[in-house]
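A short write-up of the structure that comes next.
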Amino acid sequence: MTGSWAPRFFSIWIGQQLLWVGSRAGGFALVWWLTRETGSAQVLVTATLGIVVSVVILGPIAGACVDWWNRRLTILISNGAIACVSLLLAYLFWFG
């Protein structure tokens, strides 16, 4: 039996999953584009490590901090930051 929490929880959960997939696809596309433009294996490794290491190192730290912070505000700020960075990358790509 589901309570009144289920619709709210799953709407937020689905949104976060879509955001996660979009962020991972954007990171992959950025690494792919950098490698294609430079043709350098070193750029490929550096960009991939930049994405992976930041998640591995910052993930546990952020997870511990989020337990103490206002979750709603944290989601709004983090999703807003991701949207701003994505728009900046799109702008930079579009205008060369």
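Kindly indicate whether any position in the range 70-78 is under 20 Å from GLY22 (Cα atoms), in contact with a helix residue (DSSP H, G or I) (Cβ under 8 Å, 6 or more places away or on another chain), modelled with pLDDT of 85 or more and in a helix (DSSP H, G or I). Looking for residues that are under 20 Å from GLY22 (Cα atoms), in contact with a helix residue (DSSP H, G or I) (Cβ under 8 Å, 6 or more places away or on another chain), modelled with pLDDT of 85 or more and in a helix (DSSP H, G or I), one finds at least one in the range 70-78, hence yes. When GLY3 is tested against (1) at pLDDT below 85; (2) in a helix (DSSP H, G or I), only condition (2) is not met. When each of ALA47, ALA29, ALA6, ALA64 is tested for being of a type in the set (A, V, I, L, M, F, W, C) and exposed (fewer than 10 other Cβ atoms within 10 Å of the Cβ), the lone residue that passes is ALA64. The set of residues in the range 41-79 being of a type in the set (Gly, Ala, Ser) and within 19 Å of ALA25 (Cβ to Cβ) consists of ALA47, GLY50, SER54, GLY59, SER78.
Residues SER78, SER40, SER11, SER23: which one is small (Gly, Ala, Ser), surrounded by 11 or more Cβ atoms within 10 Å (Cβ to Cβ) and over 13 Å from the mean Cα position of the chain (by Cα)?
None of the others qualify; the one that does is SER40.
The values are calculated or read from the model by the stated rules, or taken from the named source; none is laboratory data. In this text the structure is predicted, and so the values were computed from the model without any measurement. Using ideal geometry, Cβ is built from the backbone for each residue, glycine included, and neighbour counts are taken over all protein chains shown.
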